[in-house]
Amino acid sequence: GLELSHCVGTSSLSPAGPWRSGGPCKTKRVRTVFKPEQLERLEQEFLKQQYMVGTERVDLAATLHLTETQVKVWFQNRRIKWRKQSLEQKAAKLSQFGVIQPASADSTDSKEHEEDTVDVEL
């Protein structure tokens with residue numbers, strides 16, 4: 001279920017800035033907690049294909065009693081986790097063979113930043 005917590009971060013002392021939309025009460029969605037059976041099925045589908053689109057996503061969402069957006073966001077977040085794990089495995093292999101990685105502020109490539117972790121219901 002989706003629960004909303006009301007009046008997050010409201011204070012009579014803080015002025016309403018341009019980021020506020022219309023009123024003093026802003027709602028924030030509570031993080032979705034997936035059931036183990038849902039996670040198992042989502043992981044199975046992810047192993048088959050990293051991108052779930054169109055009717056496949058609609059059907060999977062209906063089967064798991066989730067919204068299409070919840071499935072979409074889960075796949076986005078799972079791809080980020082998968083990329084991060086791949087990069088860590090590469091780094092571990094390189095260090096195993098004594099290859100020193102160049103020192104940089106951020107060793108990830110720009111593609112990883114295309115999808116940020118999002119947990120928002122639209």
### Nitroxide proxy distance, nm - points 7 Å out along Cα→Cβ at Q85 and R41
2.1 nm
## Note on the structure
Whole-Hz Karplus couplings 3J(HN,Hα) for the range 60-70, θ = phi - 60° and coefficients 6.51, -1.76, 1.60, Gly and Pro as x, run 5, 4, 5, 4, 8, 6, 10, 7, 4, 5, 4
### Query
Which ³J(HN,Hα) values, rounded to whole Hz and listed in residue order, are derived for the range 72-83 from phi using the Karplus coefficients 6.51, -1.76 and 1.60 in 6.51 cos²θ - 1.76 cosθ + 1.60 with θ = phi - 60°, glycine and proline given as x?
4, 5, 4, 5, 4, 5, 5, 5, 5, 4, 5, 4
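Since every read-out is calculated from the coordinates, none of them should be taken as a lab result. The shown structure was predicted, so the numbers you read here are calculated from the model rather than taken from an experiment. Heads up, the Cβs are rebuilt from the backbone with ideal geometry, glycines too, and the neighbour counts pull from every protein chain shown.
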